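All remarks here apply to the structure that follows.
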Amino acid sequence: MSKRKPLIAGNWKMYKAGPQAAELANRLKSLVSDITDVDIMVAPPFTVLEIVAEILEGSIIDLGGQDLFWEVEGAYTGEISASMLKAAGCTHAIIGHSERRQYFGETNATVNRKVRAALIGGLIPVVCIGESETERESNQTFSVVQEQLEKGLEGLGSDEVQRITIAYEPVWAIGTGKTATTGQAQEVHEFIRRRMETAHGNSVASAVRILYGGSVKPENTSDLMAMADIDGALVGGASLDADSFATIVRLAMDVVGDKA
Ligand code: PEP
């Protein structure tokens, strides 16, 4: 069995205000109550973190923020710190999602500062990397991913890197219904793991979870999860439906025993 326990993470993006968030959390909690061998995390909008945390208490579902700011506190209107996420019940923080990079000026340098802040604040950073369609078409996938990885994790020691989760999310597959083929995903995941090995050694590289993200749904979960270096999924659209998300979790659990 792979020594990496799968993680299925749901990114609710800017969906689900109070009652809808509570309904989704309640339904999900009951649907996954018997799940073992798979870690689960959901990242709701900031305004409902505490409501969702209360509902998920006692369940196996962890909570994450969708972003954070690197400063501890201060006059940073609109921002949220690692300690605020922690206080709201979070264990994880998604960092460098392509929508943050595309619409809010996130760069590899800001990702790096946020990753450090998350680690210092005791959160597990889920660091998103991935190439655009144009970059893939011009054969830049590996160089883009390598740069995002190296700059995003720059200056971190191996003890810090092993606390990080990576999410490989080809931008062209996010919210588009286009999923990377299992071969396309696996070759980038393997590349990422090799880069981690070069930088931090075999034990760190083989411990770090690398999630795939980009139009994951029940129909493609088993094939993706069967790949040697795919250790879970970061799910957007399908995480907004409790039944679909719980099915993805269950399918990931079924694959666990089959992976060498
Ligand atoms: C995401 O938001 O990280 C994502 C992968 O979205 P979707 O599953 O909708 O493509």
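Figures for the structure shown
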{"read-out": "Accessible-area composition of the chain, carbon plus sulfur, in percent [1.4 Å probe]", "value": "50 percent"}
{"read-out": "Separation of alpha-carbon centers, region 29-89 and region 115-190, rounded to whole Å", "value": "21 Å"}
{"read-out": "Separation in nanometres of the label points that stand 7 Å from Cα toward Cβ, at A87 and Q20", "value": "2.8 nm"}
{"read-out": "Accessible surface, per residue, of the chain when the full set of protein chains is kept, probe 1.4 Å, Å²", "value": "44 Å²"}
{"read-out": "Helix-only [θ]222 nm of the chain, DSSP H runs n ≥ 4, -39500 (n - 2.57) each, per residue, nearest 500", "value": "-13000 deg cm²/dmol"}
{"read-out": "Given the chain, longest segment not containing exposed loop trypsin sites (Lys or Arg not before Pro) (DSSP; at most 14 other Cβ within 10 Å)", "value": "4-177"}
{"read-out": "Per-residue SASA entry for S206, accessible area with 1.4 Å probe, Å² rounded to 10", "value": "20 Å²"}
{"read-out": "17 Å reach of a label modelled at E54, 7 Å along Cα-to-Cβ, counting backbone N of region 85-99", "value": "87-90"}
{"read-out": "Hits among lysines - C-alpha to C-alpha of K259 under 26 Å, sequence gap 8 or more where chains match", "value": "K3, K5, K178, K217"}
{"read-out": "Cross-link reach list, lysines versus K114, counting only Cα pairs under 16 Å and skipping chain neighbours closer than eight places", "value": "K86, K151"}
{"read-out": "Residue among L24, L49, L68 with the largest mean-square fluctuation in a Gaussian network model of the chain, springs linking Cα atoms under 10 Å", "value": "L24"}
{"read-out": "Dipole magnitude (debye, nearest 20) for the chain, charges at Cβ of Lys, Arg, Asp, Glu", "value": "180 debye"}
{"read-out": "Debye intensity ratio in log₁₀ form over the Cα atoms of the chain, taken at each q of 0.08, 0.11 Å⁻¹", "value": "-0.27, -0.54"}
{"read-out": "Under DSSP loop assignment and at most 16 Cβ neighbours within 10 Å, longest GluC sites (Glu not before Pro)-free interval of the chain", "value": "155-260"}
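The values are calculated or read from the model by the stated rules, or taken from the named source; none is laboratory data. Predicted, not measured: the structure shown is a model, and the values here were computed from it. Cβ atoms come from the backbone with ideal geometry, glycine included; neighbour counts cover every protein chain shown. Note: accessible area is taken over every heavy atom of the protein model, side chains too, but ligands, DNA and RNA are not part of it. Shrake-Rupley method; radii C 1.70, N 1.55, O 1.52, S 1.80 Å.
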